[in-house]
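Working notes, structure below.
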Amino acid sequence: MQSKRDKLLSFLKESKGIWVSGEWLSGELGISRAAINKHIHQLRNIGYPIETSTRKGYCLGQFPDLLVAEEIREGLGTRVFGVRDIMSLDETDSTNLRAKDLAAGGAPEGTIVVAGTQTEGRGRKGRTWFSPSGGGVYISLILRPLLAPSEAPRITLMTGVAAAEAIISLTRLDARIKWPNDILVRGKKIAGILTEISTEMDRIDYVVVGVGLNVNIQRESLAEGLRERATSILMETGESFSRVGLLKAFLKHFERYYKILQDKGFEPIRNRWKELSDNIGQRVSVELIGDVRTGRVVDIDPDGLLILEDDQGSIQRIASGDVTLL
Ligand code: BTN
């Protein structure tokens, strides 16, 4: 059910750029003029540019790509993710850290944390994730799946599929997945995934899936060392894209694949992952802790592990490592 504030916002959006009288709004919504004023005040604080005039009423102007709950929920159509609990922050240290705090405090599955910028965006293996303000989508989702801890890699691979599908559906870019969790366009990283799990005995208590999507990042703003390895939707298409649009597309795909995982198991996800990855059959080197293996990728096993035929001809099943295409 839409709240009175959401309904008020819908009315203003329908009449974007046009004045709407307080009296009319009050009649339509069945609330007092003072209550309208209070909601308007809150909406302005969130970032909606609403002009007010005692004579003419209220007028919503053009607003930027706001990553706020009101915009995320509008027309989203999911049932779990982004429906009830959305923490939207202008700036935070890391959305994964915020989501882990919420999850440890009992936040339900479907809770999401989004931020306009991160001061300590975290990548895999203790790396940092470049998170400039307005440049990307930085989101963490809380899941409470009925999976054994050993099955958690399935969630990472599923998220990769959802992120690649979201990018492809909106931009038509040829997004590809590099095992386990990098999304590449023309061999450069456009999105990354950091999955963190908390276990209790032999079951998962919660999973926090963090996704960083490079949307409107300009080449010049990337550090020298990143320019060869990273890219963004803007850099690839020459166009700016709506962050909230991409976030919503991602949430829709994510929920769909999560449901498939729950109802039909990992096999359909694994098949889609293989279609979206060009790793199978490729020669790669894999950096493991204190070791590097080179060989050919044979497959992804039913748990999401990488199966490599190394240069000595033996088959290795790799649970975590950094893959470089040779
Ligand atoms: C990687 O490729 O190394 C993973 C990058 C994950 C980045 C995202 S941005 C949102 C979430 N919050 C974080 O601090 N990290 C993840």
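The values are calculated or read from the model by the stated rules, or taken from the named source; none is laboratory data. Nothing here was measured: the structure is a model prediction, and the numbers come from that model. All Cβ positions, even for glycine, are placed from backbone atoms using ideal geometry, and neighbour counts span all protein chains on display. The accessibility values were calculated without ligands, DNA or RNA, using every heavy atom of the protein model including side chains. Shrake-Rupley method; radii C 1.70, N 1.55, O 1.52, S 1.80 Å.
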Set A107, A166: member being in a helix (DSSP H, G or I), in contact (Cβ under 8 Å) with a residue 24 or more places away in the chain and either open to solvent by less than 40 Å² (accessible area, probe 1.4 Å) or not acidic (D, E) (or both): A166
Residue satisfying condition, being modelled with pLDDT of 95 or more and either open to solvent by 50 Å² or more (accessible area, probe 1.4 Å) or over 24 Å from the mean Cα position of the chain (by Cα) (or both), within set G290, G295, G245: G295
message: Given (1) surrounded by fewer than 16 Cβ atoms within 10 Å (Cβ to Cβ); (2) more than 30 Å from L234 (Cβ to Cβ), identify the lone condition not met by T128.
response: (2)
field: Top-ranked residue of segment 131-146 - restricted to ones that are more than 21 Å from M158 (Cα to Cα) and buried (at least 20 other Cβ atoms within 10 Å of the Cβ), ranked as farthest from the ligand (Cβ to nearest atom)
entry: G135
message: Show the residue pairs meeting these rules: Cβ distance below 6 Å; 6+ apart or different chains; first residue within segment 78-91 and touching a residue at least 24 places away in the same chain (Cβ under 8 Å); second residue small (G, A, S) and in a strand (DSSP E or B).
response: L89/A115; D90/G116
task: Check segment 82-89 and report whether any residue there is within 14 Å of the ligand (Cβ to nearest atom) and open to solvent by less than 10 Å² (accessible area, probe 1.4 Å).
output: no
- line: Residue set I280, I315, I307; condition over 26 Å from the mean Cα position of the chain (by Cα), open to solvent by 60 Å² or more (accessible area, probe 1.4 Å) and among the β-branched types (V, I, T); output residue I315
- prompt: Before we move on, is V114 closer than 20 Å to V208 by Cα and at pLDDT below 95?
  reply: no
Pair list, Cβ under 7 Å, 6 or more apart: segment 171-182 residue in contact (Cβ under 8 Å) with a residue 12 or more places away in the chain and aliphatic (A, V, I, L, M), other residue crowded, with 20+ Cβ neighbours inside 10 Å and assigned to a loop (DSSP other than H, G, I, E, B): none
- prompt: From the list L43, L8, L66, which residue is in a loop (DSSP other than H, G, I, E, B) and open to solvent by less than 50 Å² (accessible area, probe 1.4 Å)?
  reply: L66
Failed criterion for P268 (all others in (1) buried (at least 16 other Cβ atoms within 10 Å of the Cβ); (2) touching a helix residue (DSSP H, G or I) at 6+ places or on another chain (Cβ under 6 Å) hold): (1)
query: Within segment 90-101, can you find the residues that are within 13 Å of the ligand (Cβ to nearest atom) and not polar (S, T, N, Q)?
result: E91, D93, L97, R98, A99, K100, D101
query: Does segment 200-227 hold any residues that are within 15 Å of the ligand (Cβ to nearest atom) and part of a helix (DSSP H, G or I), and which are they?
result: G225, L226
